[in-house]
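What follows is a set of notes on a single structure, which appears directly below.
Just so you know, all these numbers are worked out from the coordinates, no wet-lab data involved. Only a predicted model underlies this, so the values are computations on that prediction, with no experimental measurement involved. Note that each Cβ is placed from the backbone with ideal geometry, even for glycine, and that neighbours are counted across all protein chains shown.
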């Protein structure tokens, strides 16, 4: 005669093995800090407005890029080591810094001829 038993819960270590990667990912994602300098630029008619951002040295930046065009655009910067595709009529947040004084260029990868800009760190 066989007896049916109720399902047993998974061992607690199995649950912890699932949660650990999720917690690590959440901790490593860039998070907005209260002291971040928050800036906004727009993509309009395949141009960045303003095209030049002036920021103080040694400051962490939270840059919101608002794409007002009907085409997607890719914010790309070799100097800042950042790239982000921004769908039409949407926005994206990009974190970078703190930076040393200098000029850090960026461009729109889909409209390089017109979408040019720079972060000037003073």
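Results, tabulated for the structure shown:
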| item | result |
| --- | --- |
| Burial ordering of 112, 60, fewest other beta-carbon atoms within 10 Å first | 112, 60 |
| Which of 85, 119 has the fewest Cβ neighbours within 10 Å, and the rest in rising order | 85, 119 |
| Cα gyration tensor shape of segment 78-122, rounded if a/c is under 1.5, else prolate or oblate by comparing a/b with b/c | oblate |
| Cα-Cα pairs of segment 37-121 separated by more than 20 Å (percent) | 22 percent |
